[in-house]
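Derivation of every value follows stated rules applied to the coordinates shown; laboratory data play no part. Note that the structure is predicted; figures quoted are calculated from it, not measured. Because the Cβ atoms are built from the backbone with ideal geometry, glycine has one as well, and the counts that use them run over all protein chains shown.
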Amino acid sequence: MSRLNRYQLAFFKWRKRQRNNRIMPFMLSVIVGLVVGLSAILIKTIIFYIEGYAVYFAPKLLYFLLPLIGFLIVTSLNQSVFRNIAYFSGARNVIEAIEKNASVIRFRLIYSKFITTGLTIGFGGSSGVEAAIITSGAAVGSNVGRFLGLGYRLRTLLVGCGVAAGISAVYNAPMGGFIFALETILPEFTPTLLIPLLVAAAAGKILFEFIMGQHLRFEVPLTDFAYEEIPLVILLGVLGMLMSAYLLRTYSYCAKYFSRIKNPYVRALAGGLALGSIIFLLPPMYGEGYVSIDALLNSEEHSLLVNSPLAALPNTVWFNLLFFFLITMVKPVSTGICVNSGGEGGYFAPSLITGGFLGFLYYKVVILIFPFYELNQATFMFLGMASVFACVMNAPVTAIFLVAEITQSYQLFVPLMLVCAVSYFLKYYIENLRRSVEQPKGQGKAFRVDRILLNQLNISQLIEEEHTPVRENTSFRGVLESFSNSNKDVLQVLDDQNNLLGVITLNDIRGMLGDISNYDTIYGKDLMHPPTTTVDIDESAAEVLDKFDKYKVWSLPVVRKGKFKGFISKSRLLTQYRNELTRVNRFF
């Protein structure tokens, strides 16, 4: 273990003086929330100014070139300054860092992603800021924990606090951020998670709103929900599930297509020109898309055609339906191109925008078929947002609270619950029908809980030290004496510098025990064989258990830079895991 610096020593002295150990996580969650709130302010500021200056200086006829400029700048940064961390983006990599890297996230990720994402969206990229703020928030939490020398449990808690604060600040949705961290990032719910997560989400939101004002709140008048509209809500849930499947397939296709272009600059060139052409034809594809949603909510749908060549066509009911169908289906394509060809961003916001377009189109079709219905278009737009988001992000509870908060539509809780339940249940049911093999490792919260609990175990504390080493020139008789003084069925063979050369098991010598004449003519080097595999002392317990399962062994040698440290047994590892599993408040 590395020596503590003076700040860590001061922190641990202060912590030792505290009678209540819950004060420290509370205070750290406030700090993380405020820092992440500042990050959210910065990314929004970057997007605002880049977008403003890019649009101001670029002639209207050249708007379609703006995404290309953004992609080339971001690609250049990711190939040079941020080369080693360019792959890291969003919730998936944060979860992977928690499971496989002991919640250690590199410091540069605090600021790198909101620079590249700000450039992408500012120049018209059709993605969302959430991947950047999730990455930045998680990196803030991880590095605060590392700076203070905290252990894995508290470091993971601060990662969750950073994510909750980031979503809360960017979307002005503290409950949405809190539930997203619980539902998606952290392994499972425990009562001790509540206060730090809530405080971090509140701190991020308060700071952001104090400086930036209210953002992403679609305050439009809503009529009371009528229960005779329930069949329409159920049908919208079905359409939301189908749309989410289309989104995910489109993203997957775009990723496969652009991965064939090996040169990153050629890939950025192809993607920038493709997205620019889409924006030239369909201006609502420019940027995140919240401006278009605001226009639809305020019955200004004709403003979406401004600067589009399609505006010259006759403005009829059927043309309008075709246009809104087109932007609903093309939004996932533009996002897939943006994220996979050279831009940065996430699928969080695009799923909300696509869902809003779907809800508006659905409303128009229902009114056309049933003109006697008195419906509110904003209601169906908000329900469409929640339905698509729930399926794309695998977070139905987050969808309910997030949409309710950013739309100020708390009276829609019942239809929001219904539409999310229908869409997510259908998605889950269809996926189970299609799944013909066992769910792969790494999917599902049960597997994640196992991995995280295992990672809390310290390999150095599980080592069973062996004080009866065998040398290369030790005779067979000496080997037998070593076995008689040991309670193991395996011995290590070391050189004079304690480097591991091989191992000898009882099975290796069982057939030779009857021939006494060989006791002084056969040596350790003749009996040993290379170990099946070794365990590095810095490996995680989850990786060690994977080795036990892969090689079908019950004991493995542990080394550090080739030097033998002892053996670790599968039985001892599983015993410690079981103790951890039954511990009260096993995570935090």
| message | Can you tally the net charge around F413? Count Lys and Arg as +1, Asp and Glu as -1, for every other residue whose Cβ sits under 13 Å from the Cβ of F413. | response | -2
| request: Place a +1 charge on the Cβ of each Lys and Arg in segment 224-274 and a -1 charge on the Cβ of each Asp and Glu, then give the dipole magnitude about the Cα centre in debye, rounded to the nearest 20. | output: 820 debye
| request: Putting +1 on Lys and Arg Cβ atoms and -1 on Asp and Glu Cβ atoms, find which of N101, N315, Y63 reaches farthest to the positive end of the dipole of the chain. | output: N101
| task | Within 10 Å of each residue's Cβ, count the other Cβ atoms and sort S517, S76 from fewest upward. | result | S517, S76
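What is the calculated FRET efficiency for N458 to E300, with r their C-beta to C-beta distance and R₀ = 60 Å, to the nearest 0.05?
Values: r = 60 Å, r/R0 = 1.01.
Approximately 0.50, to the nearest 0.05.
Order of C391, C254, C420, C161 from fewest to most other C-beta atoms within 10 Å?
Details: C391 28, C254 22, C420 25, C161 38.
Neighbour counts put them in this order, fewest first: C254, C420, C391, C161.
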| field | For Y257, Y171, Y152, order by how many other beta-carbon atoms lie within 10 Å, fewest first | value | Y257, Y152, Y171
| query | Which Cα, out of S39, Y373, G514, lies furthest along the positive dipole direction of the chain (beta carbon charges, K/R +1, D/E -1)? | reply | G514
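How high is the relative contact order of the chain, in percent, counting Cα pairs under 8 Å that sit 6 or more residues apart?
Numbers: 993 pairs, mean separation 89.0, N = 588.
Over the chain, the number comes to 15 percent.
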| said: Over segment 1-430, how many pairs of lysines fall under 25 Å by alpha carbon, counting only those 8 or more apart in sequence or from different chains? | reply: 14
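Could you compute how fast segment 457-581 diffuses translationally, taking Rh as the Kirkwood radius over C-alpha pairs and applying Stokes-Einstein at 37 °C with viscosity 0.692 mPa s? Give it in µm² per second.
On the way: Rh = 15.2 Å.
The Stokes-Einstein estimate is 216 µm²/s.
Given R₀ = 30 Å, what would the calculated FRET efficiency be for T575 paired with R108, taking r from the Cβ atoms and rounding to 0.05? Display every interim value, and only then the final one.
Working: r = 40 Å, r/R0 = 1.32.
Efficiency, from the Cβ-Cβ distance: 0.15.
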| query | Between N499, N172, N579, whose Cα lies farthest towards the positive end of the dipole of the chain when Lys and Arg beta carbons carry +1 and Asp and Glu beta carbons carry -1, centred on the Cα centre? | reply | N499
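I need the helices of the chain that pass two filters: whole DSSP H segments spanning 24 Å or more by Cα along the axis, and mean Kyte-Doolittle score no lower than 0.5. Let's see the in-between values first.
Values: long enough: 23-57 (52 Å, 1.92); 130-147 (25 Å, 0.69); 152-171 (29 Å, 1.10); 194-212 (27 Å, 2.01); 230-259 (43 Å, 1.25); 264-281 (26 Å, 1.51); 317-341 (36 Å, 1.44); 348-369 (32 Å, 1.66); 413-434 (31 Å, 1.02).
The answer, listed by residue number, is 23-57, 130-147, 152-171, 194-212, 230-259, 264-281, 317-341, 348-369, 413-434.
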| remark: Log10 I(q)/I(0) at q = 0.06, 0.07, 0.08, 0.10 Å⁻¹ for the chain, from Debye over equal alpha-carbon scatterers, is -0.40, -0.52, -0.65, -0.90
| remark: Only helices counted: for the chain, with every DSSP H run of 4 or more residues adding -39500 (n - 2.57) and the sum spread over all residues, [θ] at 222 nm is -19500 deg cm²/dmol
| message | Please compute the alpha carbon radius of gyration of segment 32-152, then divide it by the globular-protein estimate 2.2 N^0.38 Å. Two decimals is fine. | response | 1.15
| message | Can you give the log10 of the normalised intensity I(q)/I(0) at q = 0.20 Å⁻¹, computed with Debye over equal Cα scatterers of segment 271-321? | response | -0.74
| field | Among 305-318, 232-245, 83-96, the order from most to least packed when residues are scored by Cβ within 10 Å on average | value | 232-245, 83-96, 305-318
| said: Could you give me D for segment 129-185, from Stokes-Einstein at 20 °C and 1.002 mPa s, where the hydrodynamic radius is the Kirkwood radius over C-alpha pairs? Units µm² s⁻¹, please. | reply: 197 µm²/s
| note | Projected onto their principal axes, the Cα atoms of segment 191-336 stretch, largest extent first, over whole-Å spans of 49, 46, 34
| Where nothing but the Cβ of Lys and Arg (+1) and of Asp and Glu (-1) is charged, how large is the charge dipole of the chain around its Cα centre, in debye to the nearest 20? | 1380 debye
| query | Counting only pairs 8 or more places apart or on different chains, how many lysine pairs in segment 457-581 have C-alpha atoms closer than 15 Å? | reply | 4
